[in-house]
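The values are calculated or read from the model by the stated rules, or taken from the named source; none is laboratory data. Everything quoted here is computed from the prediction, not taken from an experiment. Here the Cβ is made from the backbone with ideal geometry for all residues, glycine too, and neighbour counts use every protein chain on show. Just the protein is used for accessible areas: all its heavy atoms, side chains included, with ligands, DNA and RNA removed. Shrake-Rupley method; radii C 1.70, N 1.55, O 1.52, S 1.80 Å.
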Amino acid sequence: MSRIGKMPIEVPAGVDVKLNGSHITVKGSKGTLEQELHPDMNIDMKEGVINVTRPSEKKLHKSLHGLTRSLINNMIVGVTQGYAKELEINGVGYRAIKQGKDLVMNLGYSHQVVVKAIDGITIDVPSPNKIVVTGFDKQKVGQFAAEIREKRLPEPYKGKGIRYVGEYLKRKEGKAGKKQ
């Protein structure tokens, strides 16, 4: 039995969950999320508790069990609390500013890098070297943060680039000097 899949999901007050076959809609204070789940999974909602069960012990059903439960739980957490990803910029002259809804970054290129904001995502720049991406859809927040990080990946020699707060970067030693 999947350890994650068998855990029940508590639906907090103020969250409206609608099940229509394998289609689930979750409404909360932050927004509305919809997801089409695999039709084989059994999703039951009774008295504010959602349980996910699998129909058989096939490998496909075992792998979908925990996934389905996690997707539903992420939707409920997203519409109640929301998600945030923090990025930090390292490098001399590297910085970010917010112009309107867009993010403008100087990353050592000959031009400024502009990232347009998308629906459901909020960009905040508390300091020139820190970017906070927030939203209620975990997948969108993670994808948008990854796209920002991709503009200048962290490099292991000088440590320059954009990385997640708390991300460990293994530093490498530079080229050894010539021996005589």
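Structure notes:
- The sum of -39500 (n - 2.57) across all DSSP H runs of n ≥ 4, divided by the residue count of the chain, sets its helix-only mean residue ellipticity at 222 nm to -6500 deg cm²/dmol.
- Fully extending the segment from Gln99 to Ser22 would add 23.6 nm, taking 0.36 nm per residue of separation and subtracting the current Cα-Cα distance.
- Most mobile of Glu88, Glu150, Glu57 in a GNM of the chain (Cα contacts under 10 Å): Glu57
- A simple count of charges around Arg163, restricted to other residues whose Cβ falls under 9 Å of its Cβ and scoring Lys, Arg +1 and Asp, Glu -1, yields -1.
- Rolling a 1.4 Å probe across the protein heavy atoms gives the chain an accessible surface of 63 Å² per residue.
- Degrees separating the helix 138-150 axis from the principal Cα axis of the chain, which is the longest one: 10 degrees
- Ordered by solvent-accessible area of protein heavy atoms (1.4 Å probe), largest first, the residues Thr25, Thr53 come out as Thr53, Thr25.
- Cα centroid of segment 110-128 to Cα centroid of segment 22-70, whole Å: 33 Å
- Note on Ser110 and Glu86: with the Förster distance fixed at 45 Å, the Cβ-Cβ geometry gives a FRET efficiency of about 0.95.
- Surface accessible to a 1.4 Å probe, Arg171 within the full protein complex, Å²: 130 Å²
- Taking only protein heavy atoms and a 1.4 Å probe, the accessible area of the chain is 49% carbon and sulfur.
- Lysines whose Cα lies under 19 Å from that of Lys101, excluding same-chain neighbours fewer than 8 positions away: Lys30, Lys85, Lys116, Lys130, Lys140, Lys151
- Straight-distance crosslink candidates among lysines, where the alpha carbon sits under 18 Å from Lys62 and sequence neighbours closer than 8 are dropped: Lys6
- Relative intensity of the chain on a log10 scale, I(q)/I(0) at q = 0.11, 0.13, 0.19 Å⁻¹, equals -0.64, -0.79, -1.12, per a Debye sum over C-alpha point scatterers of equal strength in the absence of solvent.
- Where a label projected 7 Å from the Cα of Met45 along Cα→Cβ would reach, residues of segment 1-26 with amide N under 17 Å: 8-26
- Amide proton proximity set for Met7, modelled H, under 5 Å, gap of 5+: none
- FRET efficiency estimate (nearest 0.05) - Cβ-Cβ, Leu169 to Ser127, R0 22 angstrom: 0.65
- Given a 1.4 Å probe and the protein chains as shown, Lys62 ends up with an accessible area of around 100 Å².
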